[in-house]
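Peer 1: Quick one: the structure is below, questions incoming.
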Amino acid sequence: MPSRIKLVLFDMDGVLVDVSRSYRRAIEETVEHFTGRKITPATIQRYKNAGGFNDDWKLTHTIILDIGMQVPFGRVVQEFQRRYRGEHWDGFIAQEPPLVQTQTLQHLRQQGYLMGIVTGRPEAEARWTIERFGWQPYFPLLVAMEHQDGRGKPDPYPIQRALAMLEAVGMPITPSEAVYVGDSVDDMIAAQAAGVLPIGVIPPYLDAEAHGALLQERGARYLLNRTDELPELLAELEAASVRRAS
């Protein structure tokens, strides 16, 4: 059981935002553009479940290579972004629904939790999404792709970088005082390696039983069916911490 929790770090995709018809649609369409082959969401999830594919550009390029087409990585990224971001932020990114209610974030802040986002998204896309939903007051800390020095999840470095950034501004928080909320095997592996409490969320577009079992196998200490269940779980952990101290 962790110490009293002070910091809640979130992954963005599949935790705060539904990407089933945005990032994943961009993967499907970009693969088809270069190969002529249609892939299914289940194919994408198999790669994700194998681990090491937190970066959707890398995943898209890998699938194209596995199909047998040799395409430069830069061209894959260009086609992917044309669909996902669009010319003027009018691509699939503009159609992503939230997976958490703003009142949930407000409640967590009122309870005194510091919150941040550790994501594989480029910073511009992460900030655009935060602003789109009016979440700026809740997430003073953002560790995006550009802050990870090429060491994205499942490497613990992005989560460790978040803790280092807080310490640099005079807000030291130990790993035992933090949780990381994610939806993928890479999230759970990274959290465990960083020494923070791994909490798994099952996105609505995945099989709850199978994905929940996979997240637990990869280190999730607790599972949520919805991100909005997080305040209740943290309250239970807080109560357990108080009982342990008394």
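Peer 1: So what's the angle, to the nearest 10 degrees on a 0 to 90 scale, between helix 123-132 and the longest Cα principal axis of the chain?
Peer 2: 70
Peer 1: Specify the angular offset, from 0 to 90 degrees and rounded to the nearest 10, of the alpha carbon long axis of helix 230-245 from the longest principal axis of the alpha carbons in the chain.
Peer 2: Tilt relative to the chain: about 30 degrees.
Peer 1: Just order 224-237, 64-77 by mean Cβ neighbour count inside 10 Å, highest at the front, would you?
Peer 2: Highest to lowest by the protection proxy: 224-237, 64-77.
Peer 1: Return the whole-Å distance between the Cα centroid of the stretch 47-88 and the Cα centroid of the stretch 14-45.
Peer 2: What the calculation gives is 9 Å, centre to centre.
Peer 1: Under 22 Å between alpha carbons: how many lysine pairs meet that in the chain, if sequence neighbours fewer than 8 apart on the same chain are excluded?
Peer 2: Close lysine pairs under the 22 Å cut-off: 5.
Peer 1: How big is the chain along each principal axis, measuring the range of its Cα positions in Å and listing the largest first?
Peer 2: For the chain, the Cα spread along each principal axis is 64, 36, 30 Å.
Peer 1: A follow-up question, please. At 0.36 nm per residue, minus the direct Cα-Cα distance, what do ALA50 and TRP128 gain on full extension? Give it in nm, one decimal, please. Mind showing how you got there, number by number?
Peer 2: Numbers: separation 78, 0.36 × 78 = 28.08 nm, distance 2.95 nm.
In short, 25.1 nm is gained.
Peer 1: Further, regarding this structure: Can you give me the solvent accessible area of THR60 with a 1.4 Å probe, rounded to the nearest 10 Å²?
Peer 2: My reading of the accessible area for THR60 is about 0 Å².
Peer 1: Hey, another quick one. With everything on Cα atoms, drop me the angle between helix 56-67 and the longest principal axis of the chain, reported from 0 to 90° to the nearest 10.
Peer 2: Orientation of helix 56-67: about 40 degrees from the principal axis.
The values are calculated or read from the model by the stated rules, or taken from the named source; none is laboratory data. Quantities reported herein were computed from a predicted structural model and do not represent experimental measurements. When we count neighbours, we look across all protein chains shown, and the Cβ atoms used for this are built from the backbone with ideal geometry, even at glycine. Note: areas computed on protein heavy atoms with side chains; ligands, DNA, RNA excluded. Shrake-Rupley method; radii C 1.70, N 1.55, O 1.52, S 1.80 Å.
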